[in-house]
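Asker: Sharing a structure, written as structure tokens. Questions coming.
Values quoted throughout were computed directly from the atomic coordinates according to the rules given, and no laboratory measurement underlies them. Here the structure is a predicted model, which means the values were calculated and not measured. Counting neighbours? That spans all protein chains shown, and the Cβs are built from the backbone with ideal geometry, glycine included.
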């Protein structure tokens with residue numbers, strides 16, 4: 001496939017964070033050229049804002065099926081009366097449907113790559129492949145039987161999963177021990193061994209709630225981050241979701257380790273987890289910070305534009321300082337920081353990069369006048385402005401229509417699946 | 001004009017907050033019938049979510065021209081180096097252009113009524129009339145010369161403005177003393193007299209920042225709300241923007257007075273004003289609470305869907321309690337609370353109401369499955385979902401296109417105006 005984007009404003013996210021005017025030419029999976037270009041192409045777009053596709057670093061894709069099914073409830077009640085009873089009934093077919101819906105929502109809101117963690121991860125990986133989504137697929141390890149299998153099967157099945165996907169172009173297998181309060185020291189240790197054996201990324205919840213921190217401290221005598229470190233899970237391939245209740249010492253520990261922090265401001269606020277990822281201190285320590293939406297059940301969207309805005313605003317508010325977490329920093333967390341951490345040859349608009357690209361139609365009332373394009377992308381843009389999305393060089397979403405999927409069919413499947421799940425629950 | 005909306009889910013916002021399935025028929029400026037309806041109509045829509053148009057209770061419309069022109073700066077620096085130098089150069093033509101752009105953005109994001117406060121308010125009122133926007137137009141009173149006129153002319157010109165618009169169907173004149181730190185006691189007193197003479201609404205900034213509160217306390221020995229009361233401005237027609245730094249005693253005082261509070265969560269967070277409108281206490285005291293975006297320069301959108309979500313989430317976060325500010329409460333603040341306070345026969349989908357109505361296309365990835373429609377409108381919806389907007393019975397925005405204005409022409413005007421303003425500033 002070949003795509004030419006003419007007369008556009010290019011948010012390169014290069015080392016100098018340059019904004020340049022010009023054309024972009026894409027062929028196969030690559031961004032071939034930036035400049036003044038006159039070639040034939042299958043798709044020709046004009047006058048767009050071109051930016052690297054956003055990277056959603058923490059989500060639970062199939063939870064789109066639980067969107068809005070239980071809100072405004074205390075966390076414990078939400079989990080025990082709403083989320084867990086439904087999750088227990090999930091089958092592979094529901095996972096596939098919820099995942100497709102999640103991909104559609106993410107693409108329509110400018111996301112080209114996601115880092116998932118759930119059950120039935122092989123089903124999710126297959127859906128990513130079919131849809132054309134770039135997906136880091138986290139196979140959950142936990143000390144309970146899952147809706148998919150008995151707990152004793154999790155580690156061996158995870159190993160098969162890694163072997164199956166290890167060389168794939170779009171899907172990267174990730175080992176995802178759920179958290180230190182749901183995985184025993186033995187499980188953590190074995191998980192670390194498995195991840196080490198294949199040099200896999202590790203994705204784990206860390207210090208999301210105050211309760212979690214004190215629970216782990218009471219049980220094991222150390223806080224979650226120390227527990228993660230103690231059992232060999234902390235390193236340059238570790239992705240720590242939340243870190244809402246970490247200490248200044250832990251900030252330094254994370255920076256030293258090379259692990260990355262995934263900040264999920266919308267979910268943390270909605271679930272009222274209280275503590276908050278200390279972005280200014282993490283930036284100061286040169287830790288890698290990225291952004292995620294968390295699952296649709298606690299957000300209730302998968303919209304990274306919204307997440308960038310929440311991330312920038314909540315920290316200004318906390319610190320009584322409008323200069324904290326600037327627009328450019330929010331943009332970096334959602335693009336280049338994540339790509340660099342993942343070793344993904346994307347996250348920037350540069351020649352030779354993989355073409356994971358979002359195009360914005362800037363002729364819209366909320367994006368004018370265009371005093372500052374990065375400010376607009378973080379503070380003013382919305383899903384309404386996303387016109388085209390390219391993943392791995394393929395045009396997936398064009399002029400606000402999906403080219404890769406029958407939308408109406410998915411919507412019908414979603415409605416049926418949701419009905420089925422809720423009815424099962426209520427029987 | 002006649003409009004029929006078939007087979008839809010109607011978020012009535014009636015006393016029982018019922019959600020009903022059915023059809024809605026609109027003729028002239030009224031909602032004529034709800035039920036199973038078969039009539040001919042000029043416009044026939046199908047399978048929508050129908051809700052009352054959102055009401056943006058605090059904004060400065062022409063500031064769309066300054067969107068993104070200075071972000072991430074401390075408040076003082078932002079005002080003195082960015083906003084005020086540009087504002088000083090505003091002419092009537094810029095006001096008209098910025099206002100049109102604001103109306104377009106608001107309508108595209110589901111707002112049908114706004115409460116403005118700015119200079120050149122007659123120009124704004126004329127634009128509202130031309131566009132077909134329902135607008136409470138606040139004529140600013142302040143102790144400085146404005147870009148429009150000398151300060152001594154403000155009160156007499158405001159009186160002319162009131163007389164001109166007092167009987168209008170779409171535009172309602174409002175008296176808008178800027179704040180207690182920018183209006184002397186004498187000005188406040190004369191403004192109260194003028195508002196009283198015509199039984200006008202009063203719109204004033206109150207306790208937005210800590211600095212403001214201590215400044216007024218130092219100068220006058222009382223806090224802003226007491227100053228407002230002392231000079232006769234506090235009553236059942238008073239709209240208090242922000243109230244971020246009010247005491248528990250002031251919460252009770254506001255509730256007793258019948259005044260309404262306008263909460264602007266996005267602007268407060270972006271400008272890092274620190275204090276925060278105490279919604280749970282205001283609800284407890286049965287005060288009227290509504291929502292606003294503030295101007296586009298400090299938000300940087302005029303999107304009430306986003307504002308509802310911020311309003312619900314920030315208070316959950318503050319109180320470490322996910323049950324604080326529920327979706328229904330956010331929805332109420334943006335619709336029925338505001339309409340009731342204004343005495344506006346809208347804000348609900350009921351027979352006989354003025355037809356200020358928003359239609360949502362629910363067949364979109366972020367709104368499925370539809371477990372809970374109010375939750376979706378507050379936590380999951382975005383501008384992308386707004387398909388049609390009806391104001392005073394007129395179809396203004398249909399299938400995401402404006403019927404009342406030449407979009408491209410406005411965009412060109414906006415770009416020229418912004419360039420002119422910034423260049424003037426830089427000379």
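Asker: Tell me, in nm to one decimal, what length is gained between residue A:14 and residue A:236 on full extension, where the rule is 0.36 nm per residue of separation less the Cα-Cα distance?
Answerer: Working: separation 222, 0.36 × 222 = 79.92 nm, distance 2.25 nm.
Full extension from residue A:14 to residue A:236 adds 77.7 nm.
Asker: Something else: Write down the percent of antiparallel bridges among all DSSP beta bridges whose residues are both part of the protein assembly as shown, to the nearest 5.
Answerer: Numbers: 54 of 128 bridges.
So the antiparallel bridges in the protein assembly as shown amount to around 40 percent.
Asker: Under the classification rounded if a/c is under 1.5, otherwise prolate if a/b is larger than b/c and oblate if not, where does the range A:54-342 fall, given a ≥ b ≥ c as square roots of the Cα gyration tensor eigenvalues? Show your work: numbers first, answer last.
Answerer: Working: a/c = 1.30, a/b = 1.15, b/c = 1.13.
Cα axes put the range A:54-342 in the rounded bin.
Asker: If you build a Gaussian network model of chain A, linking Cα atoms that sit under 10 Å apart, which residue out of A:365, A:280, A:85 swings the most?
Answerer: A:365
Asker: Find the centroid of the Cα atoms in the range B:153-189 and in the range B:360-394, then give the distance between the two in whole Å.
Answerer: Answer, in whole Å: 36.
Asker: Quick one: angle between helix B:92-108 and the longest Cα principal axis of chain B, in degrees between 0 and 90, rounded to 10, please.
Answerer: Roughly 40 degrees between the two axes.
Asker: How far is helix A:248-257 tilted off the main Cα axis of chain A, in degrees rounded to 10, range 0 to 90?
Answerer: Between the helix axis and the principal axis of chain A, the angle is about 70 degrees.
Asker: Can you list the residues of the range B:229-254 with backbone N under 18 Å from a point 7 Å past the Cα of residue B:214, pointing along Cα to Cβ?
Answerer: Only B:244-247 pass the distance filter.
Asker: Sticking with this one: Whole Å is fine, so just give me how far the alpha carbon centre of the range A:195-273 lies from that of the range A:86-108.
Answerer: The range A:195-273 and the range A:86-108 have Cα centres separated by 26 Å.
Asker: Using a Förster distance of 45 Å, how high is the FRET efficiency between residue B:38 and residue A:89, based on the Cβ-Cβ distance and rounded to 0.05? Write out the running numbers ahead of the final one.
Answerer: Details: r = 41 Å, r/R0 = 0.92.
Calculated value: 0.60.
Asker: GNM, chain A, Cα, under 10 Å: largest mean-square fluctuation among A:232, A:221, A:138?
Answerer: Among A:232, A:221, A:138, the largest GNM mean-square fluctuation belongs to A:221.
Asker: Relative to the longest principal axis of the C-alpha atoms of chain A, give the angle of the C-alpha long axis of helix A:121-131, reported between 0 and 90° and rounded to the nearest 10°.
Answerer: Roughly 10 degrees, rounded to the nearest 10.
Asker: Starting from the 7 Å offset along Cα-to-Cβ, what nm value, one decimal, do you get for the label separation of residue A:143 and residue A:408?
Answerer: About 5.1 nm separates the two model spin labels.
Asker: If you don't mind, another one. Take every residue in peptide A:57-65, count the Cβ atoms of other chains within 10 Å of its Cβ, and give the average of those counts. Show your work: numbers first, answer last.
Answerer: On the way: counts 0, 0, 0, 0, 0, 0, 0, 5, 3.
Taking all residues of A:57-65 together, the mean is 1.
Asker: Between A:51, A:61, A:90, where does the largest GNM mean-square fluctuation fall for chain A, given springs only between Cα atoms within less than 10 Å?
Answerer: A:90
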